[in-house]
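First comes the structure, then the notes that go with it.
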Amino acid sequence: MSYQNNVFKFLFSMEDHLLQIKHAERIRNFWKGIGVLIVCTILLYGLMAYIGMGTAILSPNIAKLNPLEYEQQKFWFMVGRMGYAALFAGLVLFVPSLFYYAVTGIPYRKIVMMQQVVLLVMLVERLTWIPLAMWNGLDWYVSPLSFGIIASYLTEHVYFTYFFGMISLFQIWIIGFQVKYLGFFCEIKKLWLWLMVIGLHVFYWAMASVLAFADQYLLNGWFH
């Protein structure tokens, strides 16, 4: 039995797709689905950079630059964000899959299928950041769909705002989905699955917050 990979249809009939994937001996269009998601990630991050999201670091330097120099810096910033997007997509798809494969023994490709859904939902989350930034001037870490906006009122430490900004309604849905998906394919108790998945996400949020915190200083050194 073969399964036709279509991550976009997966969300609308999850139970049917889970059953098909479980019994599938071959997954068709596996790499095509990965390629489409990576391209979508690159284009989305390129769009976000093009409309100015994340370019606040360039603002203090605008007065010192002529229009051509500013557009050059903005162009290289956009190229950098698109390169980061490709790396980000690869990490989301393949690194957690290796961990879950080692722990559960579920076939690696079937776990990557799970991570394709995860990446798609993360892209939808980033789409919500665009209107928030354009119309409300809100950065991703103070999205009303995350706990970052609450943390920003409780502490002035940027790291904790970043960390809690990572915890959003989308991330909570992803955790529940991963537990359900992995539980469908393996015999591990649900409690251990919850602890494993949440623990991995907390580690990811902590590391991503460190990178976001350091990013402002790295970019500052590059563009100034």
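The values are calculated or read from the model by the stated rules, or taken from the named source; none is laboratory data. Predicted, not measured: the structure shown is a model, and the values here were computed from it. A quick note on method: Cβ atoms are made from the backbone with ideal geometry, for glycine too, and the neighbour counts reach across all protein chains shown. The area values use the complete protein model at the heavy-atom level, side chains included, leaving out ligands, DNA and RNA. Shrake-Rupley method; radii C 1.70, N 1.55, O 1.52, S 1.80 Å.
Compare 13, 143, 152 in a GNM of the chain, Cα atoms joined below 10 Å, and give the one with the largest fluctuation. Of 13, 143, 152, the most mobile in the Gaussian network model is 13.
Translational diffusion of region 22-140 was estimated from the Stokes-Einstein equation, with Rh taken as the Kirkwood radius over Cα pairs; at 10 °C and 1.306 mPa s the coefficient is 98 µm²/s. Taking Cα atoms only, the orientation of helix 169-185 departs from the longest principal axis of the chain by about 20 degrees. Less than 5 angstrom separates the built amide H of residue 27 from those of 3, all sequence-distant by 5 or more or on a different chain. Under the simplified labelling scheme, the residue 68-residue 134 pair shows an inter-label distance of 3.1 nm, with each label point 7 Å from Cα along Cα→Cβ. The count of lysine pairs in the chain with alpha-carbon distances below 29 Å, taking only pairs 8 or more places apart or on different chains, stands at 19. For the chain, with all protein chains in place and a probe radius of 1.4 Å, 69% of the accessible heavy-atom surface sits on carbon or sulfur.
Note: region 106-215, Cα convex hull, 106 Å³ per residue. Calculated accessible area for region 158-212 comes out at 52 Å² per residue, all protein chains present (probe 1.4 Å; ligands, DNA, RNA ignored). Roughly speaking, what % of Cα-Cα pairs in region 89-138 are separated by over 15 Å, rounded to a whole number? That fraction is 52 percent.
Between helix 190-223 and the chain there is an angle of about 20 degrees, using the helix long axis and the longest principal axis of the Cα atoms.
Under a Gaussian network description of the chain, with springs only between Cα atoms under 10 Å, the residue in 110, 189, 180 that fluctuates furthest is 189. For the chain, the spherically averaged projection of the C-alpha convex hull amounts to 13.5 nm².
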